[in-house]
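I am attaching a structure below and will ask some questions about it afterwards.
Each reported figure results from applying straightforward, stated rules to the coordinates on display, with no laboratory input. Values in this document were obtained by computation on a predicted structure and should not be read as measured data. A quick note on method: Cβ atoms are made from the backbone with ideal geometry, for glycine too, and the neighbour counts reach across all protein chains shown.
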């Protein structure tokens, strides 16, 4: 497993330590790994409302612009 060194303000480090204990993680590294996973997942998902809008737009192209699947994917990268 790779290692990353990060400098944090004392207050943030304390908050991480507190949350680690409160949420039952074995250590701060586990808490931080989970937080990073959740952030990546959040940033890479299409949100339901936006997905519905894109589908409706595709069903009614006269009401909006036409985009290829690749253009839509690129918009969310």
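If I take R0 = 35 Å and measure r between the Cβ atoms of residue 10 and residue 37 in this structure, what FRET efficiency does the formula 1/(1 + (r/R0)^6) give, to the nearest 0.05? Each step should come with its number before you reach the end.
Values: r = 25 Å, r/R0 = 0.72.
Computed FRET efficiency for residue 10 and residue 37: 0.90.
Under 10 °C and 1.306 mPa s, how fast does segment 1-58 diffuse according to Stokes-Einstein, given a Kirkwood radius computed over C-alpha pairs? Answer in µm²/s, whole number.
113
Right, next: Sort 49-55, 25-31 by the packing proxy (mean of other Cβ within 10 Å over each peptide's residues), most packed first.
So the order, starting with the most tightly packed, is 25-31, 49-55.
Between residue 55 and residue 73, how many nm apart are label points set 7 Å from Cα along the C-beta direction?
Once both label points are built, they end up 2.0 nm from each other.
Taking the highest mean first, how do the peptides 3-15, 32-44 order by number of other beta carbon atoms within 10 angstrom per residue? Don't skip to the answer; put the middle values down first.
Working: 3-15: 8.5, 32-44: 10.9.
In descending order of packing, they fall as 32-44, 3-15.
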